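Take a look at the structure below.
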Amino acid sequence: MTEITENELRSQVREYLEANWDPNRGLAEWREMLAESGWGMPHWPKDWLGRGLPLGMTAIVDEEFNKFGAVGAAKMGIRVLAAATILEHGTDLQKEKYLKGIMTGTETWCQLFSEPGSGSDLAGAATRADFKDGKWVINGQKVWTTSAHHADYALLLARTDWDAVKHKGLSYFILDMHQPAVQVHQLKQMNGHASFNQVFITDAVVEASMQVGELGEGWKIATTTLMHERRGADSARRYESGTDRPERIYEEERQEIATVMAPYTWYPQRTGRVDLLVERAKAMGVWDDPDIRQDIAKTLTIAKSAEWTARRARAASQAGKPQGPEGSIGKLAASIVARSANLTHTKIAGPNAMLTGDEDEAGGVVAEILVSTPAISIAGGTDEIQRNIISERILKMPKENRTDTDRPFRDVPRNQVG
């Protein structure tokens, strides 16, 4: 696109909002307008509902929207990963079919990657995809799937070639979740929430046109999805709450947020709640304890370092640089921060760290932190996986010895489920 200055961009955004923004519109109607105008996702290509702006300039657009109090495109949940993956690897048909629904928020997504028998060994996925009568027939089980219970579509990784080595026999699909062959069951977590689901797939059908990329490219495409996920794993979600203004569009946005963000309400606790350390130390009367002050200082220091790392990753993203392994550094740092905060909260609260609900003056937040932080070291790839990525792709260290990458997948020993 023709280069545009910051002042010109701000002027264009203001001109559009002055002419079109009306908080009494319906949310769906407004986002349809944004999709057609290109201002909803201005960094998307012009041919696909965007304006072709450099990713780094989207912050300017967001600033102008915020000044008006204008609601933007839907940017919550797995849908942003779906959009990034489809834009990079999808066909024109897939972009035409799905991008607008993602932007407007009328369709929700989930990610069917993890399986009970493979855990963080994503390439060990054993869900089958068999080509029959011109369509793909899917059979298998997925687990730890956020939002599957209200998703319209899923990003699905399945095995299409059992005679290829494990990384080469996978393919990537878009699965319609609204078919009887897909059964979703929510999982109750030890922190009392039910954010995740297990999904049973029995002879589900995927049209041939809903295969993403070429046959056998599933691992490469899934890596794209995960790099986008990991790059955002260390940062707080920006769209967690709406405003309390009474107009129609804000009310509809609050309803959307309540539904889409429900699985994520405990996510602040899984990060360790570093922001509460000083407050809790003072409330518990241990602020003057030198050992606790040292632990707080240590945790705040590594948290600030992790924040700077995350900012570098976001700056790279805004500069239009491709997703890379730096996201694994941020994710691993987030796990280290969470564990340090967990330990420090425990020292501050002592036995009271086990109190929940009304028994605790803080509403049981520390107890929830203690049972939630282990999740951040697992979701999106375990700490061990991130260390392997960092050592091999960033530090260029030799790869660890493997015994499962040089033979057909059907001959690779696998965990037995059930």
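The values are calculated or read from the model by the stated rules, or taken from the named source; none is laboratory data. If you're wondering where the values come from, they're calculated on a predicted model, not measured in any experiment. As a convention, Cβ positions derive from the backbone with ideal geometry for all residues, glycine included, and neighbour counts pool all protein chains shown.
Annotations
- The residue list Gly101, Gly105, Gly119, Gly124 contains one member that is modelled with pLDDT under 95 and on the phi < 0 side of the Ramachandran plot, which is Gly124.
- Boolean, Ser340 is crowded, with 21+ Cβ neighbours inside 10 Å and either in contact with a strand residue (DSSP E or B) (Cβ under 9 Å, 6 or more places away or on another chain) or modelled with pLDDT under 85 (or both): no
- Criterion: touching a residue at least 40 places away in the same chain (Cβ under 8 Å) and acidic (Asp, Glu) - qualifying residue of Asp163, Asp133, Asp176: Asp163
- Boolean, Leu332 is within 23 Å of Leu226 (Cβ to Cβ), at pLDDT below 95 and buried (at least 16 other Cβ atoms within 10 Å of the Cβ): yes
- Conditions (1) more than 19 Å from Val184 (Cβ to Cβ); (2) touching a strand residue (DSSP E or B) at 6+ places or on another chain (Cβ under 9 Å); (3) modelled with pLDDT under 95; (4) among the polar types (S, T, N, Q): number failed by Thr146: (1)
- Pairs, first more than 14 Å from Arg280 (Cβ to Cβ) and assigned by TED's automatic domain parsing to the domain that holds Met190 in the stretch 351-363, second at pLDDT below 90 and surrounded by 15 or more Cβ atoms within 10 Å (Cβ to Cβ), C-beta under 8 Å, six or more apart: none
- Any hit, the stretch 49-65, residues being modelled with pLDDT of 95 or more, out of contact with any strand residue (DSSP E or B) (no Cβ under 6 Å at 6 or more places or on another chain) and closer than 16 Å to Glu96 by Cβ: yes
- Filtering the stretch 153-165 to residues that are among the charged types (D, E, K, R) and under 20 Å from His89 (Cβ atoms) leaves Arg159, Asp161.
- In summary, Leu175 fulfils each of the numbered conditions (1) buried (at least 23 other Cβ atoms within 10 Å of the Cβ); (2) in contact with a Gly (Cβ under 9 Å, 6 or more places away or on another chain) with the single exception of condition (2).
A quick yes/no check of all residues on (1) surrounded by 22 or more Cβ atoms within 10 Å (Cβ to Cβ); (2) among the polar types (S, T, N, Q); (3) closer than 25 Å to Ile378 by Cβ:
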{"position": "Ala125", "(1), (2), (3)": "yes, no, yes"}
{"position": "Trp136", "(1), (2), (3)": "yes, no, no"}
{"position": "Gln141", "(1), (2), (3)": "no, yes, yes"}
{"position": "Ala164", "(1), (2), (3)": "no, no, no"}
{"position": "Leu170", "(1), (2), (3)": "yes, no, yes"}
{"position": "Ile201", "(1), (2), (3)": "yes, no, yes"}
{"position": "Leu215", "(1), (2), (3)": "no, no, no"}
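- Matching residues in the stretch 263-291 - criterion: being in a helix (DSSP H, G or I), farther than 30 Å from Thr145 by Cβ, of a type outside the set (Lys, Arg) and touching a helix residue (DSSP H, G or I) at 6+ places or on another chain (Cβ under 6 Å): Leu277, Ala281
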